[in-house]
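The structure appears below as structure tokens.
The values are calculated or read from the model by the stated rules, or taken from the named source; none is laboratory data. Please read these numbers as outputs of a predicted model, since none were measured by experiment. Heads up, the Cβs are rebuilt from the backbone with ideal geometry, glycines too, and the neighbour counts pull from every protein chain shown. Protein only, heavy atoms only, side chains kept; ligands, DNA and RNA dropped before computing areas. Shrake-Rupley method; radii C 1.70, N 1.55, O 1.52, S 1.80 Å.
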Amino acid sequence: MTAAHSLKDKVAVITGGSRGVGKAVADALVAAGAKVVIGDLLDKEGQELVQSYNEKSAENEKVAAYLHTDVRKYSDNKALFQLAEKEFGGVDIAILNAGIATNSNSVFTPLDDELEARMFDVNIISVVKGTKVAILHMAKRGGGVIVHTASLAGFYASPSLSSYTASKHAVVGYTRSFQLLPQVCNVRVNAICPYWIETDLLNSLSSREGADPMEGLIAVSPRVPIDTVVEGFLTLITDETRNAQTLMALPDGLQVQDPLPPKDSLFTAENLAHSPIYLAEAVADFKKKLAKAMEEYGI
């Protein structure tokens, strides 16, 4: 079965899907026969995009829906996934793509609580909230796949991207924490980690006080073709062997970035012997906690 055929009639929720990377992935999914539910703050763009998908669909079949969504709120995440279930019967794919770059270079910006928190609320806390809601809906469905939009900044650091780098390191670490989830509820979690792409996010990296020296470096740096990024998403969605994986989208193609190998001093004969016991107990414990969470959610 080809990737395109494997996506036919699948239902995808996409945050930040009205333009940029999110829209490019939505375009590819709809073209492959999937249904999409887009959540965003850009209502005009989102509604027009969804309308275009529905108008172009065969026999006027509804293939897309839009909902104004503040990904920082559990209530909005829940409403988005519930809309997908109401319109199309469930959720198979979640693309948690919403993100910002404002205040990336934050070391000497004003001591503003709200400004400081917004980067982490949007780039990591919303990913945590969206993932938790997605898992519940996918567990009900019998399985699914979640893809986080991270960044190459999740592996490397720059003096001019301190807060952005911290937020994307967090996404990478969070994604890699889901090694056991397929055994618990048949849900996989991965992350796509691109280098520079020409999007509105890239344009927002400039500081509030004027030009940042980083802009000169970005201007002469290579770009990743958007088709490469979309290919990365589709690979993580359709390849069922991939889980807790961080896939770099580079100017010369896709490449998996493996975690740092653990140091020898972290292992003893005792903890190595206990590891399989822990894994079995952890899966059983997660299954119990999932059942309780689904009951509390009412799903």
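Could you please put F120, F108, F155 in sequence from largest to smallest accessible area, using a 1.4 Å probe?
The ranking, largest first, comes out as F108, F120, F155.
How big is the dipole moment of the chain about its Cα centre under a simple scheme where the beta carbon of each Lys and Arg is +1, that of each Asp and Glu is -1, and everything else is neutral? Debye, nearest 20, please. Don't skip to the end; give the middle numbers.
Numbers: 28 positive and 36 negative charges, 164 e Å.
The dipole of the chain has a size of about 780 debye.
Shape verdict for the range 228-271, please, from the Cα gyration tensor: rounded (a/c under 1.5), prolate (a/b greater than b/c) or oblate.
Note, shape of the range 228-271 comes out oblate.
I'd like to check one number: the per residue accessible area of the range 67-144, probe 1.4 Å, reported in Å² as a whole number.
Averaged over the residues of the range 67-144, the accessible area is 43 Å².
Rounded to the nearest 20 Debye, what is the dipole magnitude of the range 159-299 about its Cα centre when Lys and Arg each give +1 and Asp and Glu each give -1 at the C-beta?
With Lys and Arg at +1 and Asp and Glu at -1, about 400 debye.
Which lysines, on any chain, are close to K140 with Cα under 16 Å apart, when same-chain ones fewer than 8 places away are left out?
Those lysines meeting the cut-off are K10, K78, K86, K132, K287, K288, K289, K292.
Counting only residues 5 or more places away or on other chains, whose amide H sits under 5 Å from the amide H of V187 once H atoms are built in the peptide plane?
Answer set, sorted by chain and number: G144.
Just the Cα atoms of the range 41-176, one point each, no solvent: what log10 I(q)/I(0) does Debye give at q = 0.15, 0.16, 0.17 Å⁻¹?
Reported log10 I(q)/I(0), two decimals: -0.82, -0.90, -0.98.
Ignoring ligands, DNA and RNA, what percent of the 1.4 Å accessible area of the range 1-110 is carbon and sulfur?
52
So if I take the centroid of the Cα atoms in the range 112-148 and the same for the range 226-277, what is the distance between those two points in Å?
20
Give me the accessible area of E114, 1.4 Å probe, in Å² rounded to the nearest 10.
150
Beyond 27 Å, what percent of the Cα pairs of the chain remain?
The share of Cα pairs beyond 27 Å in the chain comes to 43 percent.
With all protein chains present, calculate the accessible area of I226 using a 1.4 Å probe and round the result to the nearest 10 Å².
Accessible area of I226: about 60 Å².
Would you please put 276-289, 15-28 in order of how densely packed they are, using the mean number of other Cβ atoms within 10 angstrom per residue and starting with the highest?
On the way: 276-289: 12.0, 15-28: 23.9.
Ranking, from highest mean packing down: 15-28, 276-289.
Give the carbon-plus-sulfur fraction of the accessible surface of the range 208-299 in %, rounded to a whole number; probe 1.4 Å, heavy atoms of protein chains only.
C and S fraction of accessible area: 58 percent.
Determine the order of L80, L67, L260, L272 by accessible area, beginning with the largest, at a probe radius of 1.4 Å.
The residues order as L260, L272, L67, L80, largest area first.
From the phi of every residue in the range 101-110, what ³J(HN,Hα) in whole Hz does the Karplus formula 6.51 cos²θ - 1.76 cosθ + 1.60 yield, where θ is phi - 60° and glycine or proline is x?
3J(HN,Hα) across the range 101-110, in whole Hz: 10, 4, 6, 4, 9, 10, 4, 10, 6, x.
By DSSP, what percent of the beta bridges with both residues in the range 174-299 are antiparallel, rounded to the nearest 5?
55
Given a 1.4 angstrom probe, I'd like the percentage of the accessible area of the range 157-197 that is carbon and sulfur, rounded to a whole number.
Heavy-atom surface of the range 157-197 belonging to carbon and sulfur, 1.4 Å probe: 58 percent.
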